[in-house]
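**Q** I am attaching a structure below and will ask some questions about it afterwards.
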Amino acid sequence: MSHSAEAKAQYNFNKLQKRLRRLTGQAVMDFNMIEDGDRIMVCLSGGKDSYTLLDTLQHLQRVAPVKFDLFAINLDQKQPGFPEHVLPEYLDKLGIEYKIVEEDTYSIVTDIIPEGKTTCSLCSRLRRGILYRTAKEMGATKIALGHHRDDMIETLFLNMFYGGKLKSMPAKLMSDNGEHMVIRPLAYCKEVDIEKYAERMEFPIIPCNLCGSQENLQRKHTKAMLAEWNKQHPGRIESIFTAMQNVVPSHLADKDLFNFKDLQTGDVIDGGDIALDKPDIPKQPALDDEHISDVVTINLS
């Protein structure tokens, strides 16, 4: 690689790193994910998302005005061929507190689920229960997961297509047992950025062999649909995510979310009924975050 090419590659990487850090910081602020004195359990699977999450939170820990602790947790599910040495070696180099939890969920899942059927649902429930228990044992105040913007958008469509709900994956929520706060600091980050970052950082990626031979067809099809939309209509994905942050209950159809029964003449709610008006569609799609000036948000570099 020539000197100019190397300099350009470094410049692009610096921009990418800054963007991921800035968006993570913005999500943390917007949803009040991290508070002074927090002890955050970072769930590390060995995939690109969780490595990026840990790396970005470590940077935030160094620059944030609040003080908080981090420790990593990995669940060794006893999958055949799982490289048990990879994560401990990586975490030892980082010098971060961590715990490897060994639970043979692989045998449980393969014993219960018939061959050829998706294991994701049962595997997730088992994993979630173990993580909750470990968070309690380790005194964690927050559980950080590595889901990103694209995961949230895909989940929105999966719930609409297959669950009949306008529901996604929240950036912050209470755990289903009511005892833990779960946060997703990468909520504003794009998967393509995370992929590039993980590749450049040379994270020691560990594939999930448990479900690697079984395609989660619904999510795969939804991901392909969104990728095609993004290719044919640049800016559409950004618009969808913006829409998730601008919900108008009075213009949907959930009678429990909005009191349609008691709506009276003269009550103009959110602009009234303009459904038949010519839609005000901008000539240009929503700006991709990569093209939005860094000066408009907080600086965490």
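**Q** Nearest-5 percent of antiparallel DSSP beta bridges in the stretch 3-234? It would help to have the intermediate numbers written out before the result.
**A** Details: 3 of 19 bridges.
Percentage antiparallel, nearest 5: 15.
**Q** Could I ask something else about it? Just to check I understand the Karplus step: with θ = phi - 60° and J = 6.51 cos²θ - 1.76 cosθ + 1.60, what whole-Hz values come out for the stretch 239-255, glycine and proline as x?
**A** 5, 4, 5, 4, 4, 5, 9, 9, 7, 10, x, 5, 10, 10, 9, 8, 5
**Q** Obtain the nm distance between the two label points defined at Asn230 and Glu84 by a simple spin-label model: each point lies 7 Å from its Cα along the Cα-to-C-beta direction.
**A** 3.8 nm
**Q** Extending each Cα 7 Å along its Cβ direction at Lys261 and Glu195, get the distance between those two points in nm, one decimal.
**A** So the label points at Lys261 and Glu195 sit 4.9 nm apart.
**Q** OK, next. Work out, in µm²/s and without decimals, the Stokes-Einstein translational diffusion coefficient of the stretch 3-234 at 25 °C, 0.890 mPa s, Rh from Kirkwood over C-alpha pairs. Working shown, then result.
**A** Working: Rh = 19.0 Å.
The calculation lands on 129 µm²/s.
**Q** Oh, and also: Just to verify a number: FRET efficiency for Met29 and Glu6, C-beta to C-beta distance, R0 = 22 Å, to 0.05?
**A** Details: r = 35 Å, r/R0 = 1.58.
The formula returns an efficiency of 0.05 here.
**Q** Now, a different point. If I model a spin label at Leu252 and Leu16 as a point 7 Å from the Cα along the Cα→Cβ vector, what separation in nanometres do I get?
**A** In this crude label model, Leu252 to Leu16 measures out at 3.6 nm.
**Q** Let me ask you something else. Could you point to the residue in Ile183, Pro65, His85 farthest towards the positive end of the stretch 3-234's charge dipole, with +1 and -1 charges on the Cβ of Lys/Arg and Asp/Glu respectively?
**A** Of the options given, the answer is Pro65.
**Q** Taking a cut-off of 22 Å between Cα atoms, list the lysines near Lys15, but don't count ones fewer than 8 places away on the same chain.
**A** Excluding near neighbours in sequence, the set is Lys48, Lys190, Lys196.
**Q** Roughly how many debye, to the nearest 20, is the charge dipole of the stretch 3-234 about its Cα centre, given +1 on each Lys and Arg Cβ, -1 on each Asp and Glu Cβ, and no other charges? Mind showing how you got there, number by number?
**A** Numbers: 32 positive and 31 negative charges, 181 e Å.
The dipole magnitude comes to about 880 debye.
**Q** For a footprinting-style exposure proxy, rank Ser175, Ser124, Ser45, Ser50 by other Cβ within 10 Å, fewest first.
**A** Listed from fewest to most nearby Cβ atoms, that is Ser124, Ser175, Ser45, Ser50.
**Q** Residues in the stretch 35-51, backbone N under 19 Å from the label point at Val66 (7 Å along the Cα-to-beta-carbon vector): list them, ranges by number please.
**A** Zone members listed by number: 35-43.
All of the numbers you see were taken from the coordinates with simple rules; none came from a lab. Please read these numbers as outputs of a predicted model, since none were measured by experiment. Glycine gets a Cβ as well: all are built from the backbone with ideal geometry, and neighbour counts include every protein chain shown.
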